[in-house]
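Data first, discussion second: the structure below is written as structure tokens.
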Amino acid sequence: MRALSMLHDVSQAPNDNPMIVSAKRAVVFALYDGVQLLDFAGPAEAFATADAITPGGAYTITYLAKGEWAATSANAKVATAPIAMFKGDIDTLIVPGALGTPLFAALADAEWLSAMASLASRARRIVSVCSGSFVLGALGLLRKRRATTHWLGIDTMAEMYPETCLVRNALFVEDGAVWTSAGVTAGIDTAVALIARDLGPEAAFRVAHALVLPMMRSGDQTQVSHLLTFQRLAGPKLARLIPWIEARLCAPIATADMAQAMAMSERTLHRQCLDAFGMPPARLVAELRLARAAALLALPDASVKAVSAHCGFGDPAAFSRAFNKRFGYPPEYASRQPGLRSET
């Protein structure tokens, strides 16, 4: 009961910098059979949470499709309003993606695309999640624009829409009134960024906190997570090592402590780290520190000194040297260049 009360308090807590929205922004999701459930459910929950925590509310959410229902990738049916009959206002039009046949069936549906073109012409901004970018491409909305999509579809998109300036491996890309994002959970990151744009960073932080997001990721971060890559390489013997290190990056980490946590000798840990990651334990810790630092420096108003301390570098000068050696440019430059991403 206490946990339920705490969740209730999130929506009822006073806003330190209240923003009363005079008119709710209409968020409209354009669905079709086979649509990826999380592509729209994640962003929808972010907007619904923002509406709940904003005095007077902030957003309305509408789901449209050709008929009264849209079947999703996860065998769930969503009640929808007929897309051709919708005459309401649209602030943000969001087009989620799908895998394979359902997506190309939607792209071949002239009636649905015609209705989509009408919706797009009335929207203040247009957003795609995952392969929803293919729909925007079919509507001609990505011509001469920067855009991205799920890494699995980036080459196909380049072939189908050669006039689009594709940004590979970005979480999301904003080009004027058009936002495109990578797959699945990146839609949540995009929604949080849109909320920050509409209601301010504090509201976006409260939404991220309520949704238990690990951080508010910027669009310039890569689709491939350094942490996930290391977890994949770890294997069963070192499965607990990466989360253990990640939870302690702001503090000194000794190899002896790592070995004790993994219930093995330092020599065994050293050998297994070389086998799994191609580097000794101390180098692994340094790589994880620098990966976190690169992600944090991509955030607005990032301070090199604060990032250095948060990532466990006691000396900012030593941090700058290590960062420059790893990525080829100083952290001060990274924090001033929002389009610069660090990739392995």
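The values are calculated or read from the model by the stated rules, or taken from the named source; none is laboratory data. Predicted, not measured: the structure shown is a model, and the values here were computed from it. So basically every Cβ, Gly included, is an ideal-geometry build from the backbone, and we count neighbours across all protein chains shown.
When each of 74, 26, 79 is tested for being aliphatic (A, V, I, L, M) and under 30 Å from residue 201 (Cα atoms), the lone residue that passes is 26.
Counting only residues that are surrounded by fewer than 17 Cβ atoms within 10 Å (Cβ to Cβ) and touching a residue at least 12 places away in the same chain (Cβ under 8 Å), how many does region 300-311 have? Qualifying residue count, region 300-311: 4.
If I go through region 39-60 residue by residue, how many of them are in contact with a Gly (Cβ under 8 Å, 6 or more places away or on another chain), surrounded by fewer than 24 Cβ atoms within 10 Å (Cβ to Cβ) and hydrophobic (A, V, I, L, M, F, W, C)?
0
In this structure, is residue 79 within 16 Å of residue 40 (Cα to Cα) and exposed (fewer than 13 other Cβ atoms within 10 Å of the Cβ)? Yes; evaluated as a whole, the condition is true for this residue. Taking residue 212, is it within 16 Å of the chain's Cα centre (by Cα) and either assigned by TED's automatic domain parsing to the domain that holds residue 286 or not in a strand (DSSP E or B) (or both)? Yes; evaluated as a whole, the condition is true for this residue. Could you please let me know if residue 317 is more than 24 Å from the chain's Cα centre (by Cα), closer than 18 Å to residue 215 by Cβ and surrounded by fewer than 17 Cβ atoms within 10 Å (Cβ to Cβ)? No. Restricting 233, 228, 238, 288 to those that are in a helix (DSSP H, G or I), of a type outside the set (Val, Ile, Thr) and free of Cβ contacts under 8 Å to residues at least 40 places away in the same chain reduces the list to 228. Of all residues in region 90-104, those satisfying the criterion of being touching a helix residue (DSSP H, G or I) at 6+ places or on another chain (Cβ under 8 Å) and among the hydrophobic types (A, V, I, L, M, F, W, C) are 90, 93, 94, 95, 98, 103. Count of region 77-106 residues, restricted to those that are within 28 Å of residue 156 (Cα to Cα), of a type outside the set (S, T, N, Q) and not in a strand (DSSP E or B), is 11. Number of residues in region 108-154 that are out of contact with any strand residue (DSSP E or B) (no Cβ under 9 Å at 6 or more places or on another chain) and surrounded by fewer than 17 Cβ atoms within 10 Å (Cβ to Cβ): the value is 13. Against the list (1) on the phi < 0 side of the Ramachandran plot; (2) without any contact (Cβ under 8 Å) to a residue 12 or more places away in the chain, the condition residue 100 fails is (1). Suppose the filter is farther than 30 Å from residue 204 by Cβ, assigned by TED's automatic domain parsing to the domain that holds residue 231 and in a helix (DSSP H, G or I); does residue 307 pass it? Criteria not met by residue 307.
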